[in-house]
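Working notes, structure below.
The values are calculated or read from the model by the stated rules, or taken from the named source; none is laboratory data. Predicted model only: the values in this text are computed from it and were never measured. As a convention, Cβ positions derive from the backbone with ideal geometry for all residues, glycine included, and neighbour counts pool all protein chains shown.
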Amino acid sequence: MKTRALLFLLLCLAVLASACGGQTTTAGGAEPAATEQPPADTEATEAAPEGGPDSLVVYSGRGEDLVAPLFEQFTADTGIDVEVKYADSAELALLIAEEGDRSPADVFFAQSPGSVGFLAEQGALSEIDDAVLDRVDEQYRSDAGVWVGITGRQRVLVYNSDEVEESDLPDSVKDLTDEQYKGKVAVAPDNGSFQDFITAFRATEGDDAARQWLEGMAANESPNYPKNSAIVEAVGRGEVPMGLVNHYYNEQALAEDPSLPSRNHRFADGDLGSLVLLTTVSTLTSTDSPDEATAFVEYLLSDKGQRYFADEAFEYPLVEGVAAPENLPPLDEVGGPEYDFDDYGQGLQETFEMISDSGIQTP
């Protein structure tokens with residue numbers, strides 16, 4: 001019953017997420033073909049892409065605009081064709097669980113580590129070669145060897161520098177429940193990164209502390225937005241003074257328009273508000289192309305693949321020797337709290353329920 005309830009909650013999350021309604025494309029540059037969201041039954045498998053010789057099927061929770069050029073370069077460099085199904089990470093995790101051994105997917109490239117932890121609990125992920133895992137530090141890979149981190153994204157408080165003095169910003173994310181921040185801190189409670197933050201909150205501080213913080217933010221009437229980029233845009237135009245996001249969204253916005261007044265504020269070293277979240281990749285037990293799947297993972301962890309994410313997305317590379325994006329501190333200096341990333345998939349159902357019951361989500 002617990003698994004079924006979790007599947008239902010993941011489906012609810014997928015419906016709420018803005019990325020619902022997957023797309024399947026070929027990395028060779030074909031025009032994307034929109035598909036209707038299938039129900040969670042055998043029809044989902046029939047709508048999925050199919051692999052073949054020297055080909056690979058990737059279920060990607062990372063957006064097409066960002067990763068499609070890299071996938072095309074992978075095909076050009078290796079001769080391995082890539083078919084991609086794009087959707088929200090939670091939606092794809094649900095789909096993989098429903099498809100089981102019949103899934104055509106070879107690789108799961110996830111935006112949200114919580115969905116990967118869920119699939120690890122389902123036994124849907126296969127072990128990755130040690131030589132591949134060793135490209136990153138032990139803290140950025142699964143203890144069981146079933147997933148490996150590709151990039152890091154730090155949680156920050158984005159603020160409008162025209163409206164907020166830097167000296168008035170708090171040292172801890174916990175301070176945001178104070179009366180002085182009432183109605184001023186935007187959140188995206190339906191977003192995977194916010195949910196991963198709450199899962200980490202629960203794991204490090206306990207359920208009571210996490211619940212108290214959520215209820216405090218709800219009492220402070222924190223404005224709701226559907227995703228991080230919407231918060232950054234709202235802060236930039238002065239609609240809300242500040243908001244909790246991942247660091248790279250504002251870096252991307254400033255790269256497009258340096259005149260924007262939005263700035264990232266990092267909480268004190270070790271504070272939960274400075275948590276580093278991972279994007280991850282896994283090979284699936286359903287794969288019929290294990291060599292091609294391994295080659296894909298190796299490519300993402302190559303210097304070329306890592307440099308792509310640093311240059312195009314302002315995300316932190318996890319491979320040693322690949323520099324952080326320009327104008328950002330190195331990853332080992334960002335001061336995030338210590339956290340076991342394998343814990344992301346544990347208690348995901350309880351995290352959803354806690355957020356929902358807290359009142360922080362508003363219509």
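Observations on the model:
- Top-ranked residue of region 197-230 - restricted to ones that are under 20 Å from the mean Cα position of the chain (by Cα) and hydroxyl-bearing (Ser, Thr, Tyr), ranked as nearest to ARG62 (Cα to Cα): SER229
- Qualifying position, being among the aliphatic types (A, V, I, L, M), under 21 Å from SER229 (Cβ atoms) and assigned by TED's automatic domain parsing to the domain that holds THR283, among ALA93, ALA97, ALA110: ALA110
- Test result for ALA124, crowded, with 23+ Cβ neighbours inside 10 Å, farther than 17 Å from SER282 by Cβ and modelled with pLDDT of 95 or more: no
- Subset of region 73-97 (residues that are surrounded by fewer than 19 Cβ atoms within 10 Å (Cβ to Cβ) and either modelled with pLDDT under 95 or on the phi > 0 side of the Ramachandran plot (or both)): GLY79
- Taking the conditions (1) without any contact (Cβ under 8 Å) to a residue 24 or more places away in the chain; (2) in a loop (DSSP other than H, G, I, E, B) in turn, ASP65 satisfies each one other than (2).
- Leading residue by the ranking (surrounded by the most Cβ atoms within 10 Å (Cβ to Cβ)) among those in region 146-173 that are among the charged types (D, E, K, R) and under 15 Å from GLY336 (Cβ atoms): ARG155
- Qualifying residue in region 268-277 (condition: of a type in the set (A, V, I, L, M) and part of a helix (DSSP H, G or I)): yes
- Criterion: of a type in the set (S, T, N, Q) and touching a residue at least 60 places away in the same chain (Cβ under 8 Å) - qualifying residue of ASN191, ASN220: ASN191
- Scanning region 173-193 for residues that are part of a loop (DSSP other than H, G, I, E, B) and within 25 Å of the chain's Cα centre (by Cα) yields LYS184, ALA188, PRO189, ASP190, ASN191.
- Listed by first and then second residue, the pairs with beta-carbon distance under 6 Å, at least 6 apart or on different chains, first residue in region 81-110 and among the charged types (D, E, K, R), second buried (at least 24 other Cβ atoms within 10 Å of the Cβ), are GLU83/VAL57; LYS85/GLY22; LYS85/TYR59; ASP88/ALA14; GLU91/ALA14; ASP106/LEU56; ASP106/VAL57; ASP106/ALA293.
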